[in-house]
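Remarks on the structure that follows.
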């Protein structure tokens, strides 16, 4: 079996199942004294984690030299969206009891919800343009440019977490550190290119 | 001749079923304790994690069949297992589950309280001295957290006012400050700078002298579990939960508004008064509604957590949007 087939026929289906574990866990773990809060935090945590995992694909590809890794990226990104939908849905339906006005007030008045809502909205066009047909329709370059939004989405998701925490910032700061590391991987080649363009004696 | 009809018995005079249940649990715990020959006063006990039935060594006959304290509610009390596993007690960890898990980090014996400041009887008081002559009551009060969850807890406690009066505060005592234990060797979170330790809270003296203001040593007919602030904590039911400081080691009478931990950390979010007020929104949470532990639907939050009739007079003439 070629590496390409191995990824498509073995790794990908396996990973698909693994990515459902956080959802299945909700049926197993003790939801505690405040189940709605547990559900909200759990799905929010996993939406953020999948965003970061998705952003780790490219660096991982570069580090390992295995180009085919990129074939699982779309699925991981869609899982991030999946958990974000659950997160937002639980907030809207269970936490706010479908009280539309209360949700609007929250989005307007509470900065962490404002940014959380913006992040959720930003993921919608990315999920919607994730099909092969949409990629073709947009064309590679435009599609790529659109999907750069994900950097802002991830940053927004970390800020959402930071602003929601009362005093102990340690956990969201760990996510911020991971995100900055993943972004640094992308800026490093840019910097080298910039440096060689500016300082190269050929110019 | 005036004969009281049976239907004139106030519902508050009847034992609530859940209270009855908790008393039953307590009695079975005592029975188990006797059977296991583990005696001793409750101060000799360790912490109480888990269900009441599972911890039999820590009770005292003084906690049984107590009269109801002032303004006790007859609302359904929250589950003991919820109230003991969902805690804000940063000394034992900053997540909701951590305090129950790390309860052993809090050493409650021996325990003394240092009384200082504007009073005629300052000094270091052993906990037993403070409890001495204090008749215990079942004080069943609503607790409303600023994070918009709430509970109904049958505290075992006594009047804060009666206790403070024994220290004879003088005319300069306009406020009273309380301080939580500072023991970074055992309380691991106190080695971080998550909060400016030790935890501090305060009340205006007239607030502290209100009959609803309570010092609690137990709940659900048994001693306080460590994660709930053993061995001595404040309960101020008309204020957000963070005012009800846990594991008190110092009481200080002062002329000026004392430092209060959350207020110091973020004055725009946590006021010194912190009265429950659905009309004053917190930057992170709308305070108009709350969710009772164990319930799915939110309910409306009441001004002063439903104790407006009793305490609103303390704040007449004050702009509660300014002094939130």
When you go through (1) more than 14 Å from chain B (Cβ to nearest Cβ); (2) under 21 Å from residue A:154 (Cβ atoms) one by one for residue A:41, which number turns out not to apply? (1)
For the list (1) surrounded by fewer than 20 Cβ atoms within 10 Å (Cβ to Cβ); (2) over 15 Å from residue B:238 (Cα atoms), I need the number of the one condition that residue B:278 fails. (2)
Among the residues in region A:90-97, are any surrounded by fewer than 19 Cβ atoms within 10 Å (Cβ to Cβ) and under 18 Å from the mean Cα position of the chain (by Cα)? no
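Quick one: would you say residue A:101 is within 14 Å of another protein chain (Cβ to nearest Cβ), out of contact with any helix residue (DSSP H, G or I) (no Cβ under 6 Å at 6 or more places or on another chain), more than 26 Å from residue B:85 (Cα to Cα) and part of a helix (DSSP H, G or I)? Break it down stepwise before answering.
Details: within 14 Å of another protein chain (Cβ to nearest Cβ): yes; out of contact with any helix residue (DSSP H, G or I) (no Cβ under 6 Å at 6 or more places or on another chain): yes; more than 26 Å from residue B:85 (Cα to Cα): yes; part of a helix (DSSP H, G or I): yes.
Yes; evaluated as a whole, the condition is true for this residue.
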Which one is surrounded by the fewest Cβ atoms within 10 Å (Cβ to Cβ), of the residues in region B:83-98 that are part of a helix (DSSP H, G or I) and more than 8 Å from every other protein chain (Cβ to nearest Cβ)? B:98
Looking at (1) within 14 Å of chain B (Cβ to nearest Cβ); (2) at pLDDT below 95, find the lone condition where residue A:61 falls short. (1)
Restricting attention to helices (runs of 4 or more DSSP H) lying wholly within region B:103-214, give those where 1 or more residues are out of contact with any helix residue (DSSP H, G or I) (no Cβ under 9 Å at 6 or more places or on another chain) and surrounded by fewer than 14 Cβ atoms within 10 Å (Cβ to Cβ). B:127-131, B:160-166
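The values are calculated or read from the model by the stated rules, or taken from the named source; none is laboratory data. A quick note: this is a predicted structure, and the numbers were derived from the prediction, not measured. When we count neighbours, we look across all protein chains shown, and the Cβ atoms used for this are built from the backbone with ideal geometry, even at glycine.
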